[in-house]
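Student: Below are the structure tokens for one structure; questions will follow.
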Amino acid sequence: MKYSELCELYDKLGKTSKRLEKIDILSDFLKKLAKSKGDNEWIYLLRGRVLPDYDSREFGISRQLIIKIISKASGVSSEIVTKDFNKVGDLGEVAESLMAKRRQHTLYSSSLTVEKVFTNLRKIFEMEGKGSVDKKVSLVAELLINANGLEAKYLIRIVLNDLRIGVADSSLREAIAEAFFPSERKEMLARIEEVYDLANDFALVFEAAIKGKKAFDNIEVLPGKAMNVMLPVKVTEISEAFRICGKPAAIEHKYDGFRVVISKSKDGNIKLFTRRLEDVTNQFPDVVSVVEKNIKGESFIVDSEVVGFDPKTKKYKPFESISQRIKRKYHIEKLISELPVEINAFDVIYCNGKSYVNVSFAERRKHLEKMIKEEKMKIRLSYQIITDSEKKALEFYNNALKIGEEGIMIKSLDSVYKPGRRVGHIVKMKPESRDFDLVIVGAMHGTGKRAGWLTSYIVSCKDKKTGKFLEVGMVSSGLKEKESEGTTYEEMTKMLKPLIVSEKGRIVRVKPKIVVSVTYQNIQKSPTYSSGYAMRFPRITAYRPDRNTNDIANLNDIKKEAN
Ligand code: ATP
């Protein structure tokens with residue numbers, strides 16, 4: 001398939017904001033793709049990716065490098081490319097016009113194929129170590145040199161992870177249902193969603209859809225790759241929890257750490273993944289050795305919460321203090337002794353070749369108890385009681401709070417594991433905290449002592465319906481001056497700078513990527529921010545490297561809290 005066909009599709013998708021229209025366009029293209037003798041993995045390109053969703057790696061090519069590549073391919077100096085970029089705000093468009101000019105005539109038809117583009121982009125992920133940057137650059141430059149204007153625009157946007165055509169993963173699932181099961185679209189969409197949540201891989205879902213619905217039965221969770229975890233709904237009363245989960249139910253402490261999916265493949269390889277599908281194995285060699293020693297099984301997937309504690313007092317620490325361990329890629333040994341962690345295992349999803357997804361929680365827990373060998377301050381099973389008494393449950397809740405836990409989780413004993421879903425198989429109950437996870441979409445340069453840093457952050461929630469990010473305020477307090485105390489302004493600045501997409505005066509706009517927990521005094525209606533609401537006295541309580549934009553508060557959550 002010619003790469004230009006894919007770019008025409010991107011263009012069409014970018015020109016409409018209507019979801020249903022997008023789905024129709026995608027569905028027509030999928031039928032074409034199925035007939036072409038291409039690779040099923042090319043479907044990743046429809047969302048500007050070349051890897052399955054369970055693999056969250058990024059190209060790691062900076063904007064500065066892209067400017068150099070465009071300059072090399074177009075024969076125009078880096079200064080001019082930068083100037084154009086400052087004017088237009090999109091390196092894709094800059095590449096488009098420069099490459100079109102270079103061709104002199106617009107009718108230049110390139111010979112680039114989807115196969116060539118996919119292969120080169122995929123190779124970028126194999127490049128590591130010395131000289132890898134140059135190799136990455138040549139892989140992109142080779143494509144760009146052969147591209148016409150439109151092809152250049154989308155190539156650059158893909159590499160910068162900023163396709164801007166508004167295709168959500170949910171639209172792609174709907175398009176698969178429409179393309180291959182037009183007469184039973186609704187029920188097949190539910191099935192497609194179910195298997196997608198298991199595999200997190202559009203190529204597998206696409207392949208099965210082409211073969212026919214029976215093929216979906218062969219899609220399973222497998223160790224070795226990241227997966228979407230099951231999430232709870234929120235309740236404020238024990239009676240509500242029992243109503244949702246049934247009686248009796250299991251009740252556990254809600255630990256304030258971060259979710260880790262522990263995965264061991266048949267070859268013995270242990271991997272650790274966060275809730276946002278990031279591989280954090282290298283950051284936690286201490287956890288890996290505990291897993292090796294204390295979890296039985298040739299292969300498995302165990303769901304857990306990893307919690308930090310003070311090495312001297314052995315007291316548990318809140319999430320923010322161990323968030324450093326997720327980010328840090330160097331000097332890990334030092335951090336391990338300063339910020340040790342304990343695994344709280346609470347579920348098993350796969351063991352020794354068998355998926356436990358469709359097994360009841362009561363059975364899963366029984367099996368988990370057989371797998372885990374507890375060891376003090378290293379690994380334990382989540383503390384659990386089973387009860388049908390509201391009084392006992394409330395006592396358990398109060399006790400959890402007294403010893404400093406965040407709250408409790410109530411779990412239905414008969415329910416299966418639903419990856420990626422906030423279904424009522426588990427519920428959480430904790431005191432009202434007036435805090436939201438939000439994404440940073442902009443920032444302001446500091447002045448005086450804080451000059452050189454980005455010190456105020458514009459934060460957004462998400463409109464669930466449209467997928468748009470809507471601002472709810474500007475927050476400038478909560479981060480620290482010293483690294484030992486938590487995330488610093490300097491660190492945040494370093495994370496935000498590569499994400500800047502435009503700059504106006506002291507305000508920069510950034511790609512929505514960095515998630516923070518923000519507490520506030522109250523929320524009011526306000527015309528200042530695009531959500532129509534503003535947080536008063538907001539303060540950042542934690543940087544959440546384990547969360548992504550799927551996890552942030554939605555507009556309805558904000559509305560509910562407004563007074
Ligand atoms: P909030 O937005 O209310 O702060 P949260 O940050 O805790 O919520 P949620 O997704 O609402 O996130 O809560 C579920 C999380 O609780 C899980 O993802 C997991 O990390 C954590 N957790 C702690 N203890 C348990 C447990 N015993 N069983 C399941 N999850 C647990």
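Student: Condition check: assigned by TED's automatic domain parsing to the domain that holds Ser239 and closer than 30 Å to Tyr520 by Cα. Does Gly420 satisfy that? Explain how you work it out, then say what you get.
Tutor: Numbers: assigned by TED's automatic domain parsing to the domain that holds Ser239: yes; closer than 30 Å to Tyr520 by Cα: yes.
When the stated conditions are applied, Gly420 passes them.
Student: Could you grab me the full set of residues in segment 110-124 that are within 16 Å of Asn40 (Cβ to Cβ) and either free of Cβ contacts under 8 Å to residues at least 60 places away in the same chain or in a loop (DSSP other than H, G, I, E, B) (or both)?
Tutor: The answer is Thr119, and nothing else.
Student: For segment 208-231, does any single residue satisfy the condition of being over 30 Å from Arg185 (Cα atoms), away from the ligand (no atom under 13 Å from the Cβ) and not in a loop (DSSP other than H, G, I, E, B)?
Tutor: no
Student: May I pose another question? Given the options Leu26, Leu30, Leu9, name the one that is in contact with a Ser or Thr (Cβ under 7 Å, 6 or more places away or on another chain), in contact (Cβ under 8 Å) with a residue 12 or more places away in the chain and assigned to a helix (DSSP H, G or I). Spell out how you get there, then give the answer.
Tutor: On the way: Leu30 fails: in contact with a Ser or Thr (Cβ under 7 Å, 6 or more places away or on another chain); Leu9 fails: in contact with a Ser or Thr (Cβ under 7 Å, 6 or more places away or on another chain).
Of the residues listed, the single one that is in contact with a Ser or Thr (Cβ under 7 Å, 6 or more places away or on another chain), in contact (Cβ under 8 Å) with a residue 12 or more places away in the chain and assigned to a helix (DSSP H, G or I) is Leu26.
Student: Looking at segment 116-146 only, could you name the residues that are more than 17 Å from Ser62 (Cα to Cα) and touching a Phe, Trp or Tyr at 6+ places or on another chain (Cβ under 8 Å)?
Tutor: Lys116, Val117, Phe118, listed by residue number.
Student: Tally the residues that are under 30 Å from Lys83 (Cβ atoms) and either within 16 Å of the ligand (Cβ to nearest atom) or in a loop (DSSP other than H, G, I, E, B) (or both), restricting the search to segment 503-562.
Tutor: 7
Student: Among residues belonging to segment 233-256 that are modelled with pLDDT under 95 and closer than 19 Å to Ser382 by Cβ, point out the one that is farthest from the ligand (Cβ to nearest atom).
Tutor: Only one residue fits best here, namely Val235.
Student: Looking only at residues that are of a type in the set (Gly, Ala, Ser) and within 10 Å of the ligand (Cβ to nearest atom) in segment 401-447, which one is surrounded by the most Cβ atoms within 10 Å (Cβ to Cβ)?
Tutor: Gly407
Student: I want to confirm something. Restricting to segment 448-467 and keeping residues that are of a type in the set (D, E, K, R) and surrounded by 14 or more Cβ atoms within 10 Å (Cβ to Cβ), which single residue is farthest from Tyr533 (Cα to Cα)?
Tutor: Here is the first cut: in segment 448-467, the residues of a type in the set (D, E, K, R) are 449-450, 462-465.
With surrounded by 14 or more Cβ atoms within 10 Å (Cβ to Cβ) added as a condition, the list becomes 450, 462-463.
On the way: Arg450: 28, Lys462: 13, Asp463: 13 Å.
Going through the qualifying residues, I end up with Arg450.
Student: Contact list please: Cβ distance under 6 Å, first residue in segment 545-563 and at positive phi, second residue assigned to a helix (DSSP H, G or I) and within 13 Å of the ligand (Cβ to nearest atom), pairs at least six apart or on different chains.
Tutor: none
The values are calculated or read from the model by the stated rules, or taken from the named source; none is laboratory data. Computed from a prediction, not measured in an experiment: that's the story for all the values here. For neighbour counting, all protein chains shown are included, and Cβ atoms are generated from backbone atoms with ideal geometry for every residue, glycine included.
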